[in-house]
Amino acid sequence: MHNYAANNGANVIQMSLEVSSSQAIIDAIEDAYDNHGITLVCAAGIKWSVTFPASNSQVIAVGSTSSNDTKSSFSNYGSDLEISHLVKYLYYYFK
């Protein structure tokens, strides 16, 4: 299996996607996490509960908060959500 990020020295893989579970993605996550010690982070999605691949136990699921430190109206939530952050300021930080 080819895992570009893992095979090229990545320490962190950040994902912002919501897809159907697939064995190819699960294998890539397991390879990166188990064989390369890479931290995997993924947006939690926007469908009421944390979605794949953020729901994978080897991935840190990230939700969104509003400027008054409450859940953003579009952010997922639930027991699989591990951290939330203020999206507005993150956007400006990387802009």
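Rule-based calculations on the coordinates, nothing more; no lab input. Keep in mind that what you see is a predicted model, and the values were worked out from it rather than measured. Because the Cβ atoms are built from the backbone with ideal geometry, glycine has one as well, and the counts that use them run over all protein chains shown.
Residues in the range 32-83 that are more than 19 Å from Ala5 (Cα to Cα) and either in contact with a helix residue (DSSP H, G or I) (Cβ under 7 Å, 6 or more places away or on another chain) or touching a residue at least 60 places away in the same chain (Cβ under 8 Å) (or both): Ser64, Ser67, Ser72. Being buried (at least 18 other Cβ atoms within 10 Å of the Cβ) and either of a type in the set (A, V, I, L, M) or on the phi > 0 side of the Ramachandran plot (or both) is a property that Val19 lacks. Restricting attention to the range 29-45, the residues that are out of contact with any strand residue (DSSP E or B) (no Cβ under 9 Å at 6 or more places or on another chain) and surrounded by 10 or more Cβ atoms within 10 Å (Cβ to Cβ) total 5.
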